[in-house]
Structures are given as C-alpha cells and as structure tokens.
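Undergrad: Have a look at this one.
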C-alpha cells in the first residue's frame, strides 16, 4: 500500500515538474515573440511597446494555469487511462491553431501547442503501451506542432518580411 501511494505521488510530482519545465520554456519563447513583434518592427509604435509588459503578464497567468494545473492533470490521467485526455489534447491543438490568426504575435499558439504536444504525447505512449489506437493523440500532436511552427513563422514574417 505504501509503495502504491509513493509511486502515485512520485508520478504526480514528475508530471508537474515536467509540465512546469516545458511551460517555462514555452513562456520564455512566447514573451520573446511578443518583444520581437513590438521592438523588432522597422516602424515601432509606442502603443505596441507599452503593451509588452501587460501581454507578458497575461502570458504568465495563462502559462501558470495551463502548465500548473491543466497539463499535469492531463499527463497523470493519460498515463493512467489511455485515451482519457486524448480529446483534451486535441482541443488544445485546435485552440492553438485558432489562436494563430488572432494572436500569433502574442505567443499564445506556442503555449497552447506545447501543452497539446505534452498531453498528446503522453496519450500516444499510453495507447501504445495498452495496445490501443493512437489516432486521436497523434492528431493532437500533429496539430499542435503545426500551430507552433505556423505561429512562430507568422510572427517572424509579420515583423521582418511584411512590416507596416
């Protein structure tokens, strides 16, 4: 009984640590995209530069919620019950894609896409270990990767290639 409790607690702490590490990396890159968009423009606007601290603050709050609560729960459930969070991972990937046209400059697709990759990847591993289909979590990972690449590409193109 003690090993089960300790093993579950160890998995819980491991999922949270993994989530926080990836969340911090995604947050740093998302804030870097925000700064790049505001200060890297050939015609910087004062309103863009003044909005950077606010946008980064919003990203910090979103990252804390996503990678502090949502992703660790998804990692625990996906590893314990294959297919449990596959739909959630897919929803994160779709949300990341939907955020591209609206907020590519903020790094939000990067945060959501990273979360989708983490939860979808855990779902794929659990499904493989259980001998189940990996379709839904694979779609989640694929859409999330696409959202990250497209969001970063749009931010770079919007800043350097097509300036105002």
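Undergrad: Considering 78, 73, which residue is closer than 30 Å to residue 131 by Cβ and in contact with a helix residue (DSSP H, G or I) (Cβ under 6 Å, 6 or more places away or on another chain)?
TA: Being closer than 30 Å to residue 131 by Cβ and in contact with a helix residue (DSSP H, G or I) (Cβ under 6 Å, 6 or more places away or on another chain) holds for just one of 78, 73, which is 78.
Undergrad: To continue, here is another question. Within the bounds of the stretch 7-18, is there any residue that is at pLDDT 85 or above, out of contact with any strand residue (DSSP E or B) (no Cβ under 8 Å at 6 or more places or on another chain) and either part of a helix (DSSP H, G or I) or closer than 19 Å to residue 118 by Cα (or both)?
TA: Looking for residues that are at pLDDT 85 or above, out of contact with any strand residue (DSSP E or B) (no Cβ under 8 Å at 6 or more places or on another chain) and either part of a helix (DSSP H, G or I) or closer than 19 Å to residue 118 by Cα (or both), one finds at least one in the stretch 7-18, hence yes.
Undergrad: Among the residues of the stretch 130-147, is there at least one that is under 21 Å from residue 55 (Cβ atoms) and in a helix (DSSP H, G or I)?
TA: Yes; the residues of the stretch 130-147 include at least one that is under 21 Å from residue 55 (Cβ atoms) and in a helix (DSSP H, G or I).
Undergrad: Still on this structure, I have one more. Which of (1) assigned to a helix (DSSP H, G or I); (2) within 20 Å of residue 159 (Cβ to Cβ); (3) touching a residue at least 60 places away in the same chain (Cβ under 8 Å) is the odd one out, the single condition residue 75 does not satisfy?
TA: (2)
Undergrad: Hey, another quick one. Can you tell me which residue in the stretch 78-110 is modelled with the highest pLDDT, limited to those that are surrounded by fewer than 20 Cβ atoms within 10 Å (Cβ to Cβ) and over 30 Å from residue 37 (Cβ atoms)?
TA: 87
Undergrad: May I pose another question? Considering the stretch 111-138 alone, what residues qualify as being buried (at least 18 other Cβ atoms within 10 Å of the Cβ) and without any contact (Cβ under 8 Å) to a residue 12 or more places away in the chain?
TA: 134
Undergrad: Criterion first (over 26 Å from residue 78 (Cα atoms) and in a helix (DSSP H, G or I)) does residue 151 satisfy it?
TA: yes
The values are calculated or read from the model by the stated rules, or taken from the named source; none is laboratory data. Since this is a predicted model, take the numbers as computed values, not measurements. Glycine also receives a Cβ, built like all others from the backbone with ideal geometry; neighbour counts cover every protein chain displayed.
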